[in-house]
1. Please count how many residues of region A:41-59 are more than 8 Å from every other protein chain (Cβ to nearest Cβ) and open to solvent by 10 Å² or more (accessible area, probe 1.4 Å).
2. Residues in region A:160-198 that are more than 15 Å from the chain's Cα centre (by Cα), closer than 16 Å to A:VAL79 by Cα and either of a type in the set (Gly, Ala, Ser) or outside any helix (DSSP H, G or I) (or both): how many?
3. Only one of B:LEU33, B:LEU24 is under 15 Å from the mean Cα position of the chain (by Cα), open to solvent by less than 40 Å² (accessible area, probe 1.4 Å) and either away from chain A (no Cβ under 13 Å) or modelled with pLDDT under 95 (or both). Can you tell me which?
4. Just give me the residues in region B:39-98 being part of a loop (DSSP other than H, G, I, E, B), open to solvent by 40 Å² or more (accessible area, probe 1.4 Å) and either more than 9 Å from chain A (Cβ to nearest Cβ) or under 19 Å from A:ILE37 (Cα atoms) (or both), in sequence order.
5. Which residues, taken from region A:120-134, are open to solvent by 10 Å² or more (accessible area, probe 1.4 Å) and part of a loop (DSSP other than H, G, I, E, B)?
6. Taking B:THR107 as the residue in question, decide whether it is away from every other protein chain (no Cβ under 14 Å) and either within 16 Å of B:ARG53 (Cα to Cα) or surrounded by fewer than 24 Cβ atoms within 10 Å (Cβ to Cβ) (or both).
7. From the list A:ALA100, A:ALA129, exactly one residue is closer than 28 Å to B:TYR27 by Cβ and at pLDDT 95 or above. Which is it?
8. Output the residues belonging to region A:136-152 that are more than 16 Å from the ligand (Cβ to nearest atom), aliphatic (A, V, I, L, M) and open to solvent by 40 Å² or more (accessible area, probe 1.4 Å).
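The values are calculated or read from the model by the stated rules, or taken from the named source; none is laboratory data. Treat the numbers as computed from the prediction; the structure is a model and nothing was measured. We place every Cβ from the backbone using ideal geometry, glycine too, and count neighbours over all the protein chains shown. The protein model used for the area step is the full one, side chains on, heavy atoms only, and it has no ligands, DNA or RNA in it. Shrake-Rupley method; radii C 1.70, N 1.55, O 1.52, S 1.80 Å.
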Amino acid sequence: MSASVTTAHNAKRMNRAALVRRLVARIGEDPAVIGGIGHSNFDLWAAGHRARNFYMLGSMGLAVPIGLGVALAQPRRKVFVLEGDGSLLMQLGCLSTVAAQRPANLAILLLDNGTYQITGGQRTPAELAGTDLVAVARAAGLPQAAWAADEADFDRLVAQCLDTEGPHVIGLKLDDAPPAGQTERDPAQIRDRFMRGMGAKRSGLPG
Amino acid sequence: MNEGAAQPWHEIVLEVLKANEVRLVAYVPDNVLKPLISGCHADPFFTTLAAAREEEAIGILCGAWMAGMRGIALMQTSGFATLANVLASLPCAFQIPALMMVSERGTLGEFNIGQAMVNRTMRPVLDSLGIEHHTITRRDECGFILDRSIRQAVTTQAPACLILSPLLTGGKVLKA
Ligand SMILES: Cc1ncc(C[n+]2csc(CCOP(=O)(O)OP(=O)(O)O)c2C)c(N)n1
């Protein structure tokens with residue numbers, strides 16, 4: 001059970017690129033990390049490629065379902081999903097789907113900048129309405145959902161994801177800084193490398 | 001072949017999925033698919049789950065495939081109609097053998113005009129995305145078509161769609 005009681009408006013606005021670098025440094029090599037559309041996967045890429053990174057390119061809202069599939073297929077490996085607030089809002093039903101399956105190895109990191117940043121920074125309806133997406137996750141049946149108060153709290157919540165059974169949700173309030181890099185757009189190669197990293201494909205071809 | 005002809009279509013599907021190690025079944029329900037869905041739930045070989053949207057089901061399958069588990073998404077014609085963007089950007093772009101089985105509504109006795117209209121979009125969408133698809137109309141062809149389609153999808157790393165015609169399933173008709 002998460003002990004955090006940080007509310008959405010009290011959460012510090014942090015920098016996405018820095019948080020993703022912190023995550024990658026903390027979790028080590030073994031976990032899979034799924035980067036959602038746009039800036040979520042850009043900053044995952046910018047933090048340095050890992051063998052078990054997957055960068056999703058166009059299917060807005062599907063980072064969590066993809067992560068759920070990975071988590072179901074490899075229940076012993078931790079799976080972290082990085083998903084934007086606009087993207088999650090488009091596919092809120094997936095929170096119930098995850099809650100129904102209770103994958104103990106899945107952690108969802110909600111990258112909440114309040115906007116559709118990659119399409120020009122328009123505010124999302126959730127931001128305009130004051131929708132608390134972590135509260136939505138809890139109400140969907142994911143009680144281990146919490147806003148990170150600041151970077152130190154984020155580290156603590158990531159440690160909880162690694163050390164305790166999930167599914168976990170970490171809400172991250174973000175500043176409006178642009179991403180630190182841009183993912184190479186070669187889907188077949190991204191998929192091939194990820195499958196090799198996950199041990200789901202063997203190939204005699206170097207790579 | 002003769003004994004096989006007595007076997008209902010959904011039992012044939014279940015057997016072929018098992019023989020091809022397709023273990024993950026994600027669905028948004030349809031009345032015609034009911035016996036197949038129940039059969040999957042009842043068999044511990046399968047991990048069977050309801051998704052809130054068909055898009056999610058495709059995402060779940062694609063994630064599972066990349067982590068070493070084969071899966072199939074079950075849906076109705078109207079559910080398929082919600083998928084063009086995710087099919088183009090995920091299984092097509094990333095070359096993932098996402099398997100789909102669609103219970104066909106909107107033809108051969110449809111009573112709902114919306115279903116009839118959305119049905120007409122299904123094959124053009126599949127064709128324009130270059131997705132291999134077959135319509136299964138006969139029980140004696142069901143196993144062959146499904147088995148060969150799964151094999152081809154996996155070996156060519158391409159999505160595939162099996163459409164279950166009312167000729168096979170009986171479909172759904174308006175009760176007077
Ligand atoms: C179905 C669909 N609708 C719209 C788009 C266009 N689009 C791409 S990214 C994006 C915004 C994503 O917002 P968010 O998830 O909050 O991430 P951010 O850009 O803020 O990092 C939109 C609207 C799309 N790719 N797919």
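1. Number of matching residues: 9.
2. Of the residues in region A:160-198, 4 are more than 15 Å from the chain's Cα centre (by Cα), closer than 16 Å to A:VAL79 by Cα and either of a type in the set (Gly, Ala, Ser) or outside any helix (DSSP H, G or I) (or both).
3. Residue meeting the stated conditions: B:LEU33.
4. Answer for region B:39-98, where residues must be part of a loop (DSSP other than H, G, I, E, B), open to solvent by 40 Å² or more (accessible area, probe 1.4 Å) and either more than 9 Å from chain A (Cβ to nearest Cβ) or under 19 Å from A:ILE37 (Cα atoms) (or both): B:PRO44, B:PHE45, B:ARG53, B:ALA81, B:THR82, B:GLN95.
5. Those that are open to solvent by 10 Å² or more (accessible area, probe 1.4 Å) and part of a loop (DSSP other than H, G, I, E, B): A:GLY120, A:GLY121, A:GLY130, A:THR131, A:ASP132.
6. Taking the combined requirement at face value, the residue satisfies it.
7. Details: A:ALA129 fails: closer than 28 Å to B:TYR27 by Cβ.
After applying the criteria, what remains is A:ALA100.
8. Result: A:ALA139, A:ALA152.
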